[in-house]
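Following: one structure in structure tokens, then a few remarks.
The values are calculated or read from the model by the stated rules, or taken from the named source; none is laboratory data. Since the model is a prediction, treat every value here as computed from it, not as a measurement. Just the protein is used for accessible areas: all its heavy atoms, side chains included, with ligands, DNA and RNA removed. Shrake-Rupley method; radii C 1.70, N 1.55, O 1.52, S 1.80 Å.
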Amino acid sequence: MTEKQNPPAEGHAFQDEVTELEAKSATAARLFDIRRIIGALFVVYGLIVSAAGIFATDADLEKAQDININLWTGLGMLALGLFFLIWVKLRPTVPPTPPLPEEALDAARGEDGAGRG
């Protein structure tokens, strides 16, 4: 009538592995957050279009009825891109953690499941 128990080191190793995988998942979720990608693209394109508006010639302005459309569009794109990036910073994505199977929880606690009714 010997009870088989997991040594504490195995439970801790399992828990460490789960913690490591959760950290990797959270990092991947933050890295590929669509708000970050959209924000970065709008900032880059906004800088390019704004630069085109800053260096616009008189002929370019005459085509647009003396409205520097490139400058205004670029500034709008910059504002939208910065909005997305600030949104990511203020409300980061937290990936949901899936519940562990009951057997894995028992193994982590050092139980063998013999005490269940």
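Summary of values
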item	result
Mean accessible surface per residue for the range 41-90, computed with a 1.4 Å probe while every protein chain stays in place, in Å²	74 Å²
Additional length obtainable on full extension of the chain from Ala40 to Asp60, 0.36 nm per residue less Cα span	4.4 nm
Sulfur and carbon atoms: percent of accessible area, the range 41-90 [1.4 Å]	73 percent
Pairwise Cα inverse-distance average, inverted: Kirkwood Rh of the range 41-90 (Å)	11.2 Å
